[in-house]
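In what follows, a single structure is set out as structure tokens and then discussed.
The values are calculated or read from the model by the stated rules, or taken from the named source; none is laboratory data. Only a predicted model underlies this, so the values are computations on that prediction, with no experimental measurement involved. For neighbour counting, all protein chains shown are included, and Cβ atoms are generated from backbone atoms with ideal geometry for every residue, glycine included. With ligands, DNA and RNA removed, areas are computed over all heavy atoms of the protein, side chains included. Shrake-Rupley method; radii C 1.70, N 1.55, O 1.52, S 1.80 Å.
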Amino acid sequence: MTLEIIYQDEYLVAINKPHGLLVHRSPIAADATEFAVQILRDQLGRMVYPVHRLDRKTSGVLLFALHDALNSKMQVQFSDGKVRKQYHAIVRGFTPDSMDIDYPLKRDDGVVQDAFTSFITLEKTELDIPSGKHATSRYSLIDLAPTTGRMHQLRKHMAHVFHPIIGDRPHGCNKQNKFFLEFFQMNSMLLHAKEISFFHPVTGDEILISADYQPEFKRMLDVLGFQKY
């Protein structure tokens, strides 16, 4: 596998991570044999340090530092809330034009943490296919902006407001996931890290990095009849 590099200078590098690729080795995914850290290290011929994480099934912008000291500086920006991230997702149902979700989340160790997500609706679509009690199937493409970075935050928040992300397991809708697999042979999670912006740890310039949709996300936009994206 060769990773798509979407930004690189002598200090930082960003890739457009495909669906299904782990950032690094994990004991909870013993089946995985490829990892973004190792692939990018071999591709560049040098050490790389991931400054944030994306779920295995999430695609999009993934940023690495090329020096350990810069990684530490970037971690400070994340902890200080100076890094802005935007995600796109396809979710079940017609979402409101905008929504703020202020809903604390519990970690695996039982600690409850504040969690805040805002989203806006980019487009809605409706298929002439029955879904449960409904005569049609409705979906929305949304732009999500988390201001905290809790594990599975976007997935849990969208499930909390009854608009689960298509393809999400275990937080999503099993009936919808089965529907997409049977009708469209689609079993990816339709969540994409679209943009990240931050201040360069060396130059101080504001940097904006964007990642195009991965092929499966593009296919589903077309299949579902989204027009603008």
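A few notes on this one:
- Read-out volume of the Cα convex hull per residue in Å³, derived from the coordinates shown; its label in (1) 109; (2) 136; (3) 125: (2)
- Simple Cβ-charge dipole of the stretch 82-229, Lys/Arg +1 and Asp/Glu -1, about Cα centre, in debye nearest 20: 420
- In degrees, nearest ten, helix 68-79 long axis to first principal axis of the chain (Cα): 40
- Per-residue SASA entry for Val13, accessible area with 1.4 Å probe, Å² rounded to 10: 0
- Arg107 contributes about 100 Å² of solvent-accessible surface, heavy atoms of the protein only, 1.4 Å probe.
- Inter-part distance where the stretch 13-85 and the stretch 157-229 are each reduced to a Cα centre, Å: 18
- Heavy-atom accessible area ranking, 1.4 Å probe, most first, across Ser72, Ser59, Ser79, Ser131: Ser79, Ser72, Ser131, Ser59
- Principal-axis analysis of the Cα atoms of the chain puts helix 174-184 at an angle of about 90° to the longest axis.
- Estimated inter-spin distance, Glu206 and Asp100, nm [label 7 Å along Cα→Cβ]: 2.1
- Principal-axis tilt of helix 215-224 within the chain, Cα atoms, nearest 10 degrees: 20
- Accessible area, probe 1.4 Å, largest first, for residues Leu66, Leu208: Leu208, Leu66
- P(r) of the stretch 34-113 over all Cα-Cα pairs, binned every 5 Å from zero, in whole percent: 3, 10, 15, 17, 20, 16, 9, 6, 3, 0
- Relative frequency of Cα-Cα separations exceeding 25 Å in the stretch 92-212, percent: 33
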